[in-house]
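So the structure is just underneath, and the comments pick up after that.
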Amino acid sequence: LLGKPGYEELAKSLKEKLKNPPKSTKSIQFVLPKNTNIQYVDKKSIFISYSHQDKKYLEWLQKHLKAFQRQNRQIEVWDDTKIKAGDKWKKEIESALEKASVAFLLVSKDFLASDFVMDEEIPKLLQKCSEEGTLFIPMILTPCLFEDSPLGDFQAINTPDTPLSSMSETEVDQVFVNFLKQLKDIF
């Protein structure tokens with residue numbers, strides 16, 4: 001908060017309230033000055049982009065992420081399975097894209113062939129990566145033209161020569177575990 005507009009007024013107000021707390025309440029309330037430009041982010045958000053044809057990999061990842069979230073409660077994971085009947089799906093996706101601090105991409109031939117993913121999600125994620133430092137993490141699921149795509153400049157978790165589809169279940173689990181150990185260091 002140091003150096004932010006309105007900090008000094010906020011600090012002064014807080015110090016005064018702490019010196020003379022109200023006797024009738026157990027908590028202290030104070031109003032932020034109007035010119036205070038402070039943003040609070042309680043959670044880090046992971047956005048998962050995938051093709052519906054690769055749903056089995058999404059479900060696999062979700063299981064690993066659930067255990068990860070239990071240990072790292074400040075992390076929120078979003079994928080389109082969170083969209084409920086009656087929701088405006090495109091608005092939900094745009095909102096999740098806006099919050100994303102990490103973009104996790106499940107890359108396959110179907111992913112690269114998806115018009116929605118490549119025309120709607122990827123350009124917005126690339127912009128967030130460039131302007132806000134959003135972490136961009138591809139994982140190669142199947143043999144595909146990853147290196148020739150707009151994603152090819154990003155280091156993937158696994159190499160295009162070793163897609164998850166060529167691995168045993170144990171090896172895939174190990175890739176997910178290794179990734180989550182690295183992600184823990186980021187958060």
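The values are calculated or read from the model by the stated rules, or taken from the named source; none is laboratory data. As the structure is a computational prediction, the values presented were derived from the model and not from experiment. Neighbour counts are summed over all protein chains in view; Cβ atoms, including those assigned to glycine, are modelled from backbone coordinates with ideal geometry.
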Query raised in the report: Listed residues Leu97, Leu141; which is under 18 Å from Phe179 (Cα atoms) and touching a residue at least 40 places away in the same chain (Cβ under 8 Å)?
Result: Leu141
Query raised in the report: Is it true that Cys129 is under 25 Å from Asp173 (Cα atoms) and either modelled with pLDDT of 95 or more or of a type outside the set (Val, Ile, Thr) (or both)?
Result: no
Report summary line: Considering region 140-170, residues that are exposed (fewer than 13 other Cβ atoms within 10 Å of the Cβ) and outside any loop (DSSP other than H, G, I, E, B), and then whichever is nearest to the chain's Cα centre (by Cα), we arrive at Glu147
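Taking the stated definitions as given, is Thr134 in contact with a helix residue (DSSP H, G or I) (Cβ under 7 Å, 6 or more places away or on another chain), hydroxyl-bearing (Ser, Thr, Tyr) and under 21 Å from Phe179 (Cβ atoms)?
Here the answer is yes, as Thr134 does meet what is asked.
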Requested in this report: Take region 143-180 and flag every residue that is among the aliphatic types (A, V, I, L, M), at pLDDT 95 or above and farther than 22 Å from Gln62 by Cα.
Outcome: Leu145
